[in-house]
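Here's the structure we're looking at; comments come further down.
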Amino acid sequence: MDPETFDAFYTTSFGRLVGQVYAMCGNFAEAQDCVQEAFVRAWDKRLSLDPDLAPEAWVRTVAYRLAVSRWRRAKRALQPPDRAKQPDRTPAEPDVNGIALARALAGLPAEQRRAIVLHHLCDLSVAEVAREVGAPEGTIKARLSRGRATLAAQLRSEPVPSPRAA
């Protein structure tokens, strides 16, 4: 398509295409922008556009796809951001109970601590802990029992400040 033919095509088609895209997307300014952008893209491809093969349909399709893409981008902008794409935030300060529990766990023998963490914090059953650790279920039950008793004694002995004291 030569420049004169393209100008005539633009002049005769622009208003009609804006009306059609407006009917599809519901926003007149958005329809004008999308049709204009579609004509810019058509200008870049004018040498391969054949006036006999419905170039208006090509421009309308491009304009509609642009409108849909803009709508999707706008819709995504209204959604809460994806936490994985957020910049790292400073972690929240641990609460007093979490610190006390971490200290108490650190005071346990390694086997008991592992059994306690796997069973109570990772929510594994005794059988699953036994498989993961490679020990009999009875041994895991004993480690859990001894570990809980030691934790209870350690946590009872640590003073827990009241929230109002802070």
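Identify, from the list Arg164, Arg70, the residue that is in a helix (DSSP H, G or I), modelled with pLDDT of 80 or more and of a type in the set (D, E, K, R).
Just a single option satisfies the conditions, and that option is Arg70.
The test for being open to solvent by 70 Å² or more (accessible area, probe 1.4 Å), at pLDDT below 85 and assigned to a helix (DSSP H, G or I) holds for Ala84.
Of the residues making up region 4-36, those that are open to solvent by 60 Å² or more (accessible area, probe 1.4 Å) and more than 42 Å from the chain's Cα centre (by Cα) are Glu4, Asp7, Thr11, Thr12. For region 114-141, residues that are over 25 Å from Gly98 (Cβ atoms) and not in a helix (DSSP H, G or I) total 3. Anything in region 25-52 that is closer than 17 Å to Pro3 by Cα and either touching a residue at least 40 places away in the same chain (Cβ under 8 Å) or of a type in the set (S, T, N, Q) (or both)? List them, or say none. If the condition is that a residue be closer than 17 Å to Pro3 by Cα and either touching a residue at least 40 places away in the same chain (Cβ under 8 Å) or of a type in the set (S, T, N, Q) (or both), then Gln36, Arg46, Leu47, Ser48, Leu49, Asp50, Pro51 are the ones that fit. Selection of region 37-74 for residues being closer than 18 Å to Thr11 by Cα, charged (D, E, K, R) and either in contact with a helix residue (DSSP H, G or I) (Cβ under 7 Å, 6 or more places away or on another chain) or open to solvent by 100 Å² or more (accessible area, probe 1.4 Å) (or both) yields Glu37, Arg41, Asp44, Lys45, Arg46, Asp52, Glu56, Arg60.
The values are calculated or read from the model by the stated rules, or taken from the named source; none is laboratory data. Worth saying up front: this structure is predicted, and the values here are computed from it rather than measured. Neighbour counts run over all protein chains shown; Cβ positions are idealised from the backbone, glycine included. Surface accessibility is based on the protein's heavy atoms, side chains included, excluding ligands, DNA and RNA. Shrake-Rupley method; radii C 1.70, N 1.55, O 1.52, S 1.80 Å.
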